[in-house]
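The values are calculated or read from the model by the stated rules, or taken from the named source; none is laboratory data. Just so we're clear, the structure is a prediction, and the values are computed from it rather than from any experiment. Every residue, glycine among them, receives a Cβ derived from its backbone with ideal geometry; neighbour counts consider all protein chains shown. The accessibility values were calculated without ligands, DNA or RNA, using every heavy atom of the protein model including side chains. Shrake-Rupley method; radii C 1.70, N 1.55, O 1.52, S 1.80 Å.
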Amino acid sequence: MSKQALIQTSALNRYYGKYHAVNDFNLTLHKGEVLGLLGPNGAGKSTTMQMLTGNIFPSSGTIQINGVDLLDNPKQAKKSIGYLPEQPPIYRDMTASEFLKYCAALHDIPKDKRQSAIDIAIERCGLGDVANKLIANLSKGYQQRVGIAQAILHQPQVVILDEPTVGLDPIQITEIRELIRELGKDHSVILSTHILPEVQAVCDRVQIIKEGSTVFSDTFEQLEQRQSAPVLLVGFESVVDENELSTLAGVKSVQLLGEARYQLNYEESPIASDVFQLSVAKGWKLNELNQQTESLEQIFMNLIHNESVASENTVEEVVKEQVAKNG
Ligand code: ATP
(Lines give C-alpha, C1' and ligand atoms only; values in the text may rest on other atoms or scores of the structure.)
Protein backbone atom coordinates (compact mmCIF):
# COMPACT_ATOMS: atom_id res chain seq x y z
CA MET A 1 0.00 0.00 0.00
CA SER A 2 1.42 3.42 -0.92
CA LYS A 3 1.92 5.95 1.87
CA GLN A 4 -0.58 8.78 2.20
CA ALA A 5 0.81 12.08 0.86
CA LEU A 6 -0.03 15.00 3.15
CA ILE A 7 1.69 17.52 0.91
CA GLN A 8 1.99 17.07 -2.82
CA THR A 9 3.25 19.81 -5.10
CA SER A 10 3.72 19.88 -8.82
CA ALA A 11 6.16 22.04 -10.77
CA LEU A 12 6.29 24.97 -8.36
CA ASN A 13 7.90 28.10 -9.70
CA ARG A 14 8.42 31.43 -8.02
CA TYR A 15 9.87 34.56 -9.58
CA TYR A 16 10.88 37.72 -7.75
CA GLY A 17 10.75 40.12 -10.66
CA LYS A 18 12.96 38.42 -13.23
CA TYR A 19 14.80 36.33 -10.63
CA HIS A 20 13.79 32.65 -10.74
CA ALA A 21 14.02 31.72 -7.04
CA VAL A 22 12.18 28.36 -7.21
CA ASN A 23 12.40 26.38 -10.40
CA ASP A 24 10.03 23.50 -11.27
CA PHE A 25 10.20 22.26 -7.70
CA ASN A 26 8.37 19.14 -6.55
CA LEU A 27 7.95 17.95 -3.00
CA THR A 28 5.96 15.14 -1.41
CA LEU A 29 5.53 14.76 2.34
CA HIS A 30 4.17 11.44 3.54
CA LYS A 31 2.23 10.75 6.69
CA GLY A 32 4.51 10.05 9.64
CA GLU A 33 7.59 11.44 7.93
CA VAL A 34 10.15 14.06 9.01
CA LEU A 35 11.58 15.59 5.85
CA GLY A 36 14.67 17.78 5.85
CA LEU A 37 14.80 20.52 3.24
CA LEU A 38 18.51 21.16 3.02
CA GLY A 39 20.33 23.80 1.03
CA PRO A 40 22.78 26.67 1.30
CA ASN A 41 21.65 30.23 1.99
CA GLY A 42 19.61 31.59 -0.88
CA ALA A 43 18.73 28.12 -2.26
CA GLY A 44 15.01 28.88 -2.05
CA LYS A 45 14.01 27.05 1.15
CA SER A 46 12.13 29.93 2.78
CA THR A 47 10.40 30.83 -0.48
CA THR A 48 9.28 27.20 -0.84
CA MET A 49 8.02 27.06 2.74
CA GLN A 50 6.16 30.33 2.35
CA MET A 51 4.43 28.88 -0.71
CA LEU A 52 3.62 25.59 1.07
CA THR A 53 2.04 27.50 3.95
CA GLY A 54 0.04 29.85 1.72
CA ASN A 55 1.99 32.96 2.74
CA ILE A 56 3.08 33.77 -0.81
CA PHE A 57 1.65 32.65 -4.13
CA PRO A 58 3.65 30.48 -6.50
CA SER A 59 4.17 32.02 -9.95
CA SER A 60 2.97 28.65 -11.28
CA GLY A 61 2.36 25.11 -10.04
CA THR A 62 -0.05 23.44 -7.62
CA ILE A 63 0.02 22.52 -3.92
CA GLN A 64 -2.25 19.91 -2.36
CA ILE A 65 -2.39 19.82 1.43
CA ASN A 66 -4.06 16.70 2.78
CA GLY A 67 -5.98 16.40 -0.49
CA VAL A 68 -7.12 20.06 -0.49
CA ASP A 69 -5.87 22.49 -3.14
CA LEU A 70 -4.11 25.29 -1.25
CA LEU A 71 -4.67 27.89 -3.94
CA ASP A 72 -8.37 27.09 -4.49
CA ASN A 73 -9.29 26.52 -0.86
CA PRO A 74 -6.63 28.17 1.34
CA LYS A 75 -8.64 28.39 4.56
CA GLN A 76 -9.45 24.69 4.58
CA ALA A 77 -5.94 23.63 3.46
CA LYS A 78 -4.19 25.77 6.09
CA LYS A 79 -6.07 23.99 8.89
CA SER A 80 -3.74 21.03 8.33
CA ILE A 81 -0.60 23.15 8.67
CA GLY A 82 1.38 24.63 11.54
CA TYR A 83 4.19 26.98 10.55
CA LEU A 84 7.19 28.44 12.30
CA PRO A 85 8.72 31.04 9.96
CA GLU A 86 12.41 31.92 10.01
CA GLN A 87 11.57 35.00 12.09
CA PRO A 88 9.25 33.63 14.82
CA PRO A 89 6.00 35.63 14.94
CA ILE A 90 6.06 36.20 18.69
CA TYR A 91 4.97 39.27 20.65
CA ARG A 92 7.69 40.05 23.11
CA ASP A 93 5.49 42.07 25.46
CA MET A 94 3.05 39.18 26.05
CA THR A 95 3.61 36.24 28.36
CA ALA A 96 3.93 32.85 26.65
CA SER A 97 0.41 31.85 27.73
CA GLU A 98 -1.14 35.18 26.70
CA PHE A 99 0.49 34.80 23.30
CA LEU A 100 -0.76 31.23 22.90
CA LYS A 101 -4.29 32.34 23.91
CA TYR A 102 -4.13 34.91 21.14
CA CYS A 103 -2.85 32.30 18.65
CA ALA A 104 -5.60 29.83 19.67
CA ALA A 105 -8.18 32.42 18.59
CA LEU A 106 -6.31 33.03 15.33
CA HIS A 107 -6.27 29.28 14.68
CA ASP A 108 -10.06 29.24 15.13
CA ILE A 109 -9.93 26.71 17.95
CA PRO A 110 -13.42 26.60 19.55
CA LYS A 111 -13.52 28.71 22.74
CA ASP A 112 -14.25 25.78 25.06
CA LYS A 113 -11.24 23.85 23.72
CA ARG A 114 -8.68 26.66 23.78
CA GLN A 115 -7.32 26.25 27.29
CA SER A 116 -6.77 22.50 26.92
CA ALA A 117 -5.05 23.08 23.53
CA ILE A 118 -2.77 25.66 25.18
CA ASP A 119 -2.02 23.35 28.11
CA ILE A 120 -1.09 20.52 25.75
CA ALA A 121 1.20 22.76 23.63
CA ILE A 122 2.86 24.19 26.76
CA GLU A 123 3.47 20.69 28.06
CA ARG A 124 4.78 19.28 24.77
CA CYS A 125 7.14 22.20 24.24
CA GLY A 126 8.44 22.15 27.83
CA LEU A 127 7.19 25.67 28.60
CA GLY A 128 5.54 24.86 31.96
CA ASP A 129 8.02 26.82 34.09
CA VAL A 130 8.04 29.92 31.89
CA ALA A 131 4.43 30.13 30.69
CA ASN A 132 3.74 33.26 32.74
CA LYS A 133 6.96 35.07 31.93
CA LEU A 134 7.19 37.83 29.35
CA ILE A 135 8.45 36.43 26.05
CA ALA A 136 11.01 39.27 25.92
CA ASN A 137 12.62 37.86 29.08
CA LEU A 138 12.93 34.30 27.77
CA SER A 139 16.13 32.87 26.29
CA LYS A 140 16.24 32.50 22.49
CA GLY A 141 15.76 28.73 22.89
CA TYR A 142 12.59 29.22 24.92
CA GLN A 143 11.34 31.88 22.52
CA GLN A 144 11.77 29.30 19.77
CA ARG A 145 9.77 26.81 21.84
CA VAL A 146 6.97 29.38 22.07
CA GLY A 147 7.14 29.70 18.27
CA ILE A 148 6.86 25.91 17.93
CA ALA A 149 4.00 25.81 20.47
CA GLN A 150 1.94 28.23 18.33
CA ALA A 151 2.64 26.01 15.31
CA ILE A 152 1.23 22.86 16.96
CA LEU A 153 -1.57 24.49 18.97
CA HIS A 154 -4.37 23.42 16.60
CA GLN A 155 -2.94 19.86 16.26
CA PRO A 156 -2.12 20.18 12.55
CA GLN A 157 -1.16 17.06 10.62
CA VAL A 158 1.82 18.90 9.12
CA VAL A 159 4.32 21.10 10.96
CA ILE A 160 6.67 23.26 8.87
CA LEU A 161 9.71 24.71 10.62
CA ASP A 162 12.00 27.17 8.85
CA GLU A 163 15.56 27.08 10.23
CA PRO A 164 14.34 26.49 13.81
CA THR A 165 17.80 26.29 15.39
CA VAL A 166 19.44 29.35 13.84
CA GLY A 167 21.00 31.59 16.49
CA LEU A 168 20.68 29.06 19.33
CA ASP A 169 23.54 27.87 21.53
CA PRO A 170 24.63 24.19 21.30
CA ILE A 171 22.54 23.09 24.30
CA GLN A 172 19.45 24.84 22.97
CA ILE A 173 20.08 23.30 19.53
CA THR A 174 20.16 19.81 21.04
CA GLU A 175 16.96 20.49 22.99
CA ILE A 176 15.07 21.88 19.99
CA ARG A 177 16.20 18.93 17.82
CA GLU A 178 14.93 16.56 20.51
CA LEU A 179 11.62 18.44 20.56
CA ILE A 180 11.34 18.17 16.75
CA ARG A 181 12.00 14.42 16.95
CA GLU A 182 9.18 14.18 19.52
CA LEU A 183 6.86 16.18 17.25
CA GLY A 184 7.65 13.72 14.47
CA LYS A 185 5.83 11.00 16.44
CA ASP A 186 2.48 12.80 16.10
CA HIS A 187 2.91 15.09 13.10
CA SER A 188 4.54 14.98 9.70
CA VAL A 189 7.28 17.57 9.72
CA ILE A 190 9.23 19.59 7.17
CA LEU A 191 12.36 21.14 8.59
CA SER A 192 14.48 23.53 6.59
CA THR A 193 18.12 24.02 7.39
CA HIS A 194 21.52 24.61 5.83
CA ILE A 195 23.16 22.27 8.36
CA LEU A 196 23.57 18.65 7.23
CA PRO A 197 24.08 17.15 10.73
CA GLU A 198 20.77 18.71 11.75
CA VAL A 199 18.94 16.78 9.04
CA GLN A 200 20.89 13.65 9.98
CA ALA A 201 19.94 14.05 13.63
CA VAL A 202 16.25 14.60 13.06
CA CYS A 203 14.96 13.57 9.63
CA ASP A 204 13.89 10.35 7.89
CA ARG A 205 14.50 11.74 4.43
CA VAL A 206 16.41 14.63 2.90
CA GLN A 207 15.61 16.81 -0.07
CA ILE A 208 18.57 18.91 -1.16
CA ILE A 209 17.80 22.14 -2.94
CA LYS A 210 20.20 24.23 -4.97
CA GLU A 211 19.29 27.40 -6.84
CA GLY A 212 15.60 26.62 -6.48
CA SER A 213 15.74 23.06 -7.85
CA THR A 214 16.00 19.64 -6.22
CA VAL A 215 19.40 18.00 -6.66
CA PHE A 216 18.69 15.02 -4.39
CA SER A 217 15.68 13.54 -2.63
CA ASP A 218 15.92 10.26 -0.73
CA THR A 219 17.18 8.63 2.46
CA PHE A 220 20.67 9.09 3.95
CA GLU A 221 21.57 5.56 2.92
CA GLN A 222 20.90 6.56 -0.68
CA LEU A 223 22.86 9.78 -0.20
CA GLU A 224 25.84 7.73 0.95
CA GLN A 225 25.55 5.66 -2.23
CA ARG A 226 26.25 8.86 -4.17
CA GLN A 227 29.95 8.56 -3.51
CA SER A 228 32.04 9.29 -6.52
CA ALA A 229 35.35 7.68 -7.48
CA PRO A 230 35.43 4.53 -5.36
CA VAL A 231 39.11 3.94 -4.77
CA LEU A 232 41.41 1.61 -2.79
CA LEU A 233 44.95 2.62 -1.94
CA VAL A 234 47.20 -0.40 -1.48
CA GLY A 235 50.84 -0.56 -0.50
CA PHE A 236 53.29 -3.50 -0.44
CA GLU A 237 56.75 -4.05 0.95
CA SER A 238 58.11 -4.24 -2.61
CA VAL A 239 56.85 -3.72 -6.15
CA VAL A 240 54.19 -6.23 -7.31
CA ASP A 241 52.72 -7.16 -10.68
CA GLU A 242 50.20 -4.42 -11.58
CA ASN A 243 48.52 -6.74 -14.11
CA GLU A 244 47.54 -9.10 -11.30
CA LEU A 245 45.89 -6.22 -9.45
CA SER A 246 44.00 -5.13 -12.56
CA THR A 247 42.39 -8.57 -12.91
CA LEU A 248 40.63 -8.25 -9.54
CA ALA A 249 36.82 -8.13 -9.75
CA GLY A 250 35.44 -4.62 -10.37
CA VAL A 251 38.84 -2.95 -10.89
CA LYS A 252 38.65 -0.39 -13.71
CA SER A 253 42.27 0.67 -13.70
CA VAL A 254 45.46 0.61 -11.61
CA GLN A 255 47.81 3.54 -11.06
CA LEU A 256 51.29 3.27 -9.59
CA LEU A 257 51.64 5.95 -6.94
CA GLY A 258 55.34 5.18 -6.28
CA GLU A 259 57.17 3.26 -3.55
CA ALA A 260 55.14 0.06 -4.27
CA ARG A 261 51.89 1.94 -3.64
CA TYR A 262 48.96 1.58 -6.05
CA GLN A 263 45.60 3.17 -6.53
CA LEU A 264 42.88 0.74 -7.63
CA ASN A 265 39.98 2.53 -9.32
CA TYR A 266 36.69 0.66 -9.14
CA GLU A 267 33.45 0.86 -11.10
CA GLU A 268 31.47 0.56 -7.90
CA SER A 269 32.26 -0.42 -4.29
CA PRO A 270 35.84 -1.64 -3.81
CA ILE A 271 36.30 -5.20 -2.47
CA ALA A 272 39.24 -4.90 -0.08
CA SER A 273 39.15 -8.59 0.90
CA ASP A 274 40.09 -9.58 -2.72
CA VAL A 275 43.33 -7.58 -2.45
CA PHE A 276 44.04 -9.20 0.87
CA GLN A 277 43.44 -12.71 -0.52
CA LEU A 278 45.53 -12.05 -3.65
CA SER A 279 48.40 -10.80 -1.48
CA VAL A 280 48.28 -13.94 0.65
CA ALA A 281 48.14 -16.18 -2.45
CA LYS A 282 51.09 -14.38 -4.08
CA GLY A 283 53.10 -14.03 -0.89
CA TRP A 284 53.09 -10.20 -1.23
CA LYS A 285 53.60 -8.32 2.02
CA LEU A 286 50.68 -5.91 2.29
CA ASN A 287 51.37 -2.88 4.47
CA GLU A 288 48.59 -0.49 3.42
CA LEU A 289 44.94 -0.97 2.52
CA ASN A 290 42.93 2.25 2.57
CA GLN A 291 39.47 2.69 1.22
CA GLN A 292 38.84 6.25 0.16
CA THR A 293 35.32 7.31 0.91
CA GLU A 294 33.54 10.61 1.04
CA SER A 295 31.74 11.76 4.14
CA LEU A 296 28.09 12.74 3.84
CA GLU A 297 29.24 16.34 4.24
CA GLN A 298 31.55 15.94 1.23
CA ILE A 299 28.83 14.27 -0.85
CA PHE A 300 26.52 17.16 0.06
CA MET A 301 29.20 19.68 -0.93
CA ASN A 302 29.69 17.84 -4.24
CA LEU A 303 26.00 18.11 -4.95
CA ILE A 304 26.00 21.79 -4.10
CA HIS A 305 29.35 22.85 -5.57
CA ASN A 306 30.41 19.91 -7.75
CA GLU A 307 33.58 19.60 -5.71
CA SER A 308 35.09 16.33 -4.52
CA VAL A 309 37.35 15.86 -1.54
CA ALA A 310 38.00 12.32 -0.35
CA SER A 311 38.81 11.15 3.15
CA GLU A 312 40.47 7.87 3.94
CA ASN A 313 39.41 4.91 6.02
CA THR A 314 42.22 3.21 7.86
CA VAL A 315 43.22 -0.36 7.08
CA GLU A 316 41.59 -1.44 10.35
CA GLU A 317 38.30 0.17 9.32
CA VAL A 318 38.39 -1.45 5.90
CA VAL A 319 39.14 -4.89 7.33
CA LYS A 320 36.42 -4.46 10.00
CA GLU A 321 33.95 -3.48 7.29
CA GLN A 322 34.89 -6.50 5.19
CA VAL A 323 34.65 -8.86 8.16
CA ALA A 324 31.21 -7.44 8.98
CA LYS A 325 30.13 -7.81 5.33
CA ASN A 326 31.46 -11.32 4.90
CA GLY A 327 30.39 -12.49 8.34
P1 ATP B 1 18.24 31.61 3.61
O2 ATP B 1 18.64 30.42 4.40
O3 ATP B 1 19.37 32.58 3.43
O4 ATP B 1 16.97 32.26 4.05
P5 ATP B 1 16.78 30.27 1.53
O6 ATP B 1 17.24 28.97 0.99
O7 ATP B 1 15.66 30.26 2.49
O8 ATP B 1 18.01 31.08 2.12
P9 ATP B 1 15.20 32.17 0.08
O10 ATP B 1 15.09 33.10 1.26
O11 ATP B 1 14.00 31.43 -0.32
O12 ATP B 1 16.40 31.16 0.26
O13 ATP B 1 15.72 33.05 -1.15
C14 ATP B 1 15.93 32.48 -2.44
C15 ATP B 1 16.41 33.58 -3.36
O16 ATP B 1 15.37 34.50 -3.59
C17 ATP B 1 17.57 34.38 -2.76
O18 ATP B 1 18.45 34.70 -3.82
C19 ATP B 1 16.90 35.62 -2.22
O20 ATP B 1 17.77 36.74 -2.26
C21 ATP B 1 15.74 35.81 -3.19
N22 ATP B 1 14.59 36.44 -2.52
C23 ATP B 1 13.94 35.97 -1.43
N24 ATP B 1 12.92 36.77 -1.11
C25 ATP B 1 12.93 37.79 -1.99
C26 ATP B 1 12.11 38.95 -2.20
N27 ATP B 1 11.08 39.19 -1.42
N28 ATP B 1 12.43 39.76 -3.22
C29 ATP B 1 13.47 39.50 -4.04
N30 ATP B 1 14.26 38.42 -3.93
C31 ATP B 1 14.01 37.57 -2.91
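Quick look at the numbers
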read-out: Rounded to 5, the percent of DSSP beta bridges in region 121-247 classed as antiparallel; value: 50
read-out: Positive-end residue, region 5-225 charge dipole about Cα centroid, Cβ charges, pick of Val68, Val215, Val189; value: Val68
read-out: Computed over region 131-230, Cα set: Rg, Dmax in Å; value: 15.6, 57
read-out: Alpha carbon Rg of region 120-174, scaled by the compact-globule rule 2.2 N^0.38 Å; value: 1.12
read-out: Sequence-distant lysines (8 or more away, or on other chains) whose Cα lies within less than 28 Å of Lys210; value: Lys3, Lys18, Lys31, Lys45, Lys78
read-out: Rounded tilt (10° steps) of 140-152 against the dominant C-alpha axis of the chain; value: 70
read-out: Largest-first ordering by accessible area, 1.4 Å probe, given options Glu33, Glu268, Glu221, Glu288; value: Glu268, Glu221, Glu288, Glu33
read-out: The chain: most fluctuating residue of Phe57, Phe276, Phe99 per GNM, C-alpha cutoff 10 Å; value: Phe276
read-out: Carbon and sulfur %, accessible surface of the chain computed with the full protein complex present, 1.4 Å; value: 49
read-out: FRET efficiency for Gln222 and Asp169, using Cβ-Cβ distance with R0 set to 35 Å, rounded to 0.05; value: 0.60
read-out: All Cα pairs of region 1-129, percent lying beyond 24 Å; value: 41
read-out: DSSP beta bridge pairing in the chain, given as percent antiparallel to the nearest 5; value: 70
read-out: Rounded tilt (10° steps) of 111-124 against the dominant C-alpha axis of the chain; value: 30
read-out: Spread of Cα-to-Cα distances over 10 Å intervals beginning at zero, given as percent, for region 50-207; value: 11, 40, 36, 13, 0
read-out: Dimensions (Å) - region 257-307, Cα atoms, principal axes, largest first; value: 45, 22, 16
read-out: Å² per residue, accessible surface of region 229-293 at 1.4 Å; value: 53
read-out: Average silhouette area of region 229-293, convex hull of alpha-carbon atoms, in square nanometres; value: 3.7
read-out: Whole-number D in µm² s⁻¹ for the chain, Kirkwood Cα-pair radius fed into Stokes-Einstein, 4 °C, 1.567 mPa s; value: 57
read-out: Heavy-atom accessible area per residue - region 5-225, 1.4 Å, Å²; value: 45
read-out: Most mobile listed residue (Leu100, Leu233, Leu296) in the chain, GNM with C-alpha springs under 10 Å; value: Leu233
